[in-house]
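> The structure under discussion is supplied below as structure tokens; questions concerning it will follow.
Here, each number is a calculation from the coordinates, and none is a lab measurement. For clarity, every value in this text was computed on a predicted model and none was experimentally measured. Cβ placement follows ideal geometry from the backbone for every residue including glycine, while neighbour counts extend to all protein chains displayed.
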Amino acid sequence: MQKSKSLSLVLFVQRILLSLAFAFLAIGEILHINAFVQNAIDIGLPYAYPICVGVAVLTFLASIMLFIGFKTRLAAIADIIATLFTGFFFFAGDFNKVNIVGVMLALALLFGFFILGSGQISLDNYLSNKKENDTDRIPFR
């Protein structure tokens, strides 16, 4: 029982910190959208502007979903895709080892959330428990 509580607490703290980091990244992408788009154009991505804006919005929405623990596995997949895209195009002009390490660490944490889910301290868990409790009741007697 103690391991389950400890794991849920660790997942909660990791989820909050990772979602804040992704929200910060998304805001940075939006504030520097011209550099983001220009890097994508320089590499040769067609339709760079709508794709880059879409990735920035996807990153921000997925970070909110991770923060509250709603559809955590779906949010993790969305952030994995956005992280791979961002790691390649956003940092293309300023490609260094620190950026590579940051992308790899983010991917490692995201794969953990994809595999383990959000833990007990999340909206997913609350909705799952509520659904189980609602099915136990008989509506008419």
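> Counting only C-alpha contacts under 8 Å and six or more residues apart, can you give the relative contact order of segment 9-123 as a whole percent? Walk me through the numbers before you get to the answer.
Values: 122 pairs, mean separation 39.8, N = 115.
Over segment 9-123, the number comes to 35 percent.
> For segment 9-123, go through all pairs of different Cα atoms, get the mean of 1/r, take its inverse, and jot down that Kirkwood value in Å. Don't skip to the answer; put the middle values down first.
Details: mean 1/r = 0.0707 Å⁻¹.
By the Kirkwood definition, the hydrodynamic radius is 14.1 Å.
> So how much slack lies between Asn34 and Leu84, counting 0.36 nm per residue of separation and subtracting their Cα-Cα distance, in nm? Could the numbers behind the result be given before it?
Values: separation 50, 0.36 × 50 = 18.00 nm, distance 1.90 nm.
Full extension of this stretch gives 16.1 nm more.
> Continuing with this model, one more query. Taking the Cβ-Cβ separation of Leu107 and Lys131 as r and a Förster radius of 35 Å, what is the calculated FRET efficiency to the nearest 0.05?
Numbers: r = 31 Å, r/R0 = 0.89.
E between Leu107 and Lys131, to the nearest 0.05, is 0.65.
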